[in-house]
Amino acid sequence: MFSFDILATENNARVGKLVTPHGTIQTPSFVPVGTLATVKALSAEDLCKLGSQVIITNAYHLHLRPGEDLIEEMGGLHRFMSWEGPLMTDSGGFQIFSLGSGKEHGVGKIAPIFPQEKDRSIGPCSSKKEKPLVRVDEEGVEFISYLIGSRHRATPEQVIEIERKLGADIILVLDECTSPLHDYSYTKEAMERTHRWGIRAFAEFKRMSETRQALFGIIQGGAYRDLREKSAKFIAEQDFDGYAIGGSLGRSKEEMNQVLEWTMPFLPQDRPRHLLGIGEVDDIFEIVGRGIDLFDCVLPTRMARTGTVLTKETDRFRIHIRNARFKDDPLPIEEECTCYSCCNYSRAYLRHLFMTRDLLGVRLATIHNVHFLESLMHQIRLAIKEGRLCALRREWLSTI
């Protein structure tokens, strides 16, 4: 039911075929984020037409609402959200971080994940520090619901059970995600706890009979070379179906690239590798070039909701459609784009929708942004097969 084969390589980059019970994923692949069983503003049919192969949802959020028991009663996530393709569920480690250290340090997916990076255009940046809603111990995590203030307990075993009920094809173990502002001592402590949790989660996963799911282990260690190498070696020694790289990737993109350089050599070639939470255009070329097979990011959908659309024509690969210069612009978002939005609507109309706060604007921008990344990934897969990924990278990044 689950297999992974490498079909072509160019240096460390590779094209693969990841087979799951609900279909095959051609890698490397962008994974749209559908946190609450929906990629905001898009239907399952939309995603199929856009070429999306797999969606990642979030066990933490779905546990809080509507609840894994209800979803199981409804036939599992696939039937619940009317998505017939492969599904992943993140364990909620990042959300636990966001409610804990993320609040303390002012770091997260709204504030920049790289403290040295400015204006990531996915939401307001803030260094505001708040009281954490999470307590981590050896047994697991105790957290307060951000919805109604109720207290909850999550252990590695309980998270596996939640993900089993949700029924995704690929599930992730519970991990403790650290902040780029954590020191070496705490990062090491959290990494070792993640390893112990991973062993417990793996044992619980194997205890379940007749599972059709695949389990990915998670590598931690922050931006410390010895910790990343140690974590990669440890997780690779376990018989996980695949490996995810999570946690703090440093204070800048340069440090993120270093983390990958330290980590990738220790991961088995015959297992898929997933990078959690990264997805800007320049990042994509960097991570694919280092051998990443899957990556998820909220960037294209979150930017779309603020009127920021992706385009190849600028050095940062985006324009802000609310800008006054687009008021009477008859061109589509991108002239050569074949997405529904670009084939039917002008920049002027899209700007009008955002200025009048019409929900259609968000939908059209989201369609374009997801199409943009799916089209880029198609180009990257083809380039690797033809041995010209380096040339494609130069073509795309020449203006940066």
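The values are calculated or read from the model by the stated rules, or taken from the named source; none is laboratory data. Keep in mind it's a predicted model, so treat the numbers as computed, not measured. FYI the Cβ positions are ideal-geometry reconstructions off the backbone, even for glycines, and counts take in every protein chain you see.
Remarks
- Breaking point among (1) in a loop (DSSP other than H, G, I, E, B); (2) among the acidic types (D, E); (3) within 15 Å of L373 (Cβ to Cβ), for D282: (1)
One line per residue, one yes/no per condition, for (1) within 20 Å of L276 (Cα to Cα); (2) at pLDDT 95 or above; (3) not charged (D, E, K, R):
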{"site": "V39", "(1), (2), (3)": "yes, yes, yes"}
{"site": "L42", "(1), (2), (3)": "no, yes, yes"}
{"site": "G51", "(1), (2), (3)": "no, yes, yes"}
{"site": "T57", "(1), (2), (3)": "yes, yes, yes"}
{"site": "L62", "(1), (2), (3)": "yes, yes, yes"}
{"site": "E68", "(1), (2), (3)": "no, yes, no"}
{"site": "E72", "(1), (2), (3)": "no, yes, no"}
{"site": "L77", "(1), (2), (3)": "no, yes, yes"}
{"site": "M81", "(1), (2), (3)": "no, yes, yes"}
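- Of the residues examined, D183 is one that is closer than 19 Å to G246 by Cβ, over 22 Å from the mean Cα position of the chain (by Cα), modelled with pLDDT of 90 or more and assigned by TED's automatic domain parsing to the domain that holds E254.
- Some residue of region 104-117 being surrounded by 23 or more Cβ atoms within 10 Å (Cβ to Cβ), at pLDDT below 95 and not in a helix (DSSP H, G or I): yes
- Taken over region 371-395, the criterion of being assigned to a helix (DSSP H, G or I) and touching an Asp or Glu at 6+ places or on another chain (Cβ under 8 Å) is satisfied by F372, A383, I384, L389, C390.
- Close pairs (8 angstrom Cβ cut-off, 6 or more residues apart or separate chains): farther than 14 Å from T308 by Cα and in the same structural domain as D329 (by TED's automatic domain parsing) in region 341-357, charged (D, E, K, R) and buried (at least 19 other Cβ atoms within 10 Å of the Cβ) anywhere: C342/E334
- Count of region 192-240 residues which are assigned to a loop (DSSP other than H, G, I, E, B) and surrounded by fewer than 18 Cβ atoms within 10 Å (Cβ to Cβ): 7
- Exclusive hit being surrounded by fewer than 23 Cβ atoms within 10 Å (Cβ to Cβ) and within 17 Å of the chain's Cα centre (by Cα), set G277, G246, G289: G277
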